[in-house]
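The structure appears right after this line, and notes come after that.
Values quoted throughout were computed directly from the atomic coordinates according to the rules given, and no laboratory measurement underlies them. Computed from a predicted model, the values in this text were never measured in an experiment. Backbone-built Cβ (ideal geometry, glycine too); neighbour counts: all protein chains shown.
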Amino acid sequence: MSKEIKTPSWLAVRADGVTVTLSKASQANGVQIDKVVMRAPTVRDIRAAQATAGGDDEQRELNLFASLAEVGPHDLEALTLKDYSRLQAGYFRLVQDDEL
C-alpha cells in the first residue's frame, strides 16, 4: 500500500509548475515578492544549467532554479535557507513521477 505524500500549505503543485509561498518576503527582479513560481523543467533547461555551472553542483541548481523562476541567481541567494529549502522541495515534488 503506497503512502500518499501530504502537500504542505506553502506549496501549490500543478502539472506545469509549482508556486512556493515564502516564509519571509524577498526581492526578485527589483520587486518585493512573497511567492516564487517555477515552471516544469525541460531537458534543455537541465543541460543549460549544467553547462554554465563549471562542475559546481550548487551553482548548477541555482542556475536551474533561477531559469525556471525567471529570476537572477543572486535573488535566490538572498532567500533565507528555509525558503530556499522550500524551493528545493517544490522542485523535487514537480519532477517526481506521479506513479512512484
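Table for the structure above
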{"read-out": "Order by protection proxy (mean Cβ within 10 Å, highest first), peptides 70-77, 49-56", "value": "70-77, 49-56"}
{"read-out": "Kirkwood Rh and Cα Rg combined as Rg/Rh, the range 43-82", "value": "0.97"}
{"read-out": "Alpha carbon convex hull of the chain, projected area averaged over orientations, nm²", "value": "6.9"}
{"read-out": "Pairwise centroid distance, computed over Cα atoms, of the range 58-100 with the range 6-28, Å", "value": "10"}
{"read-out": "Mean separation of Cα contacts under 8 Å, 6 or more apart, over the residue count of the chain: relative contact order %", "value": "30"}
{"read-out": "Cβ-placed point charges (K, R +1; D, E -1), dipole of the chain about Cα centre in debye, nearest 20", "value": "260"}
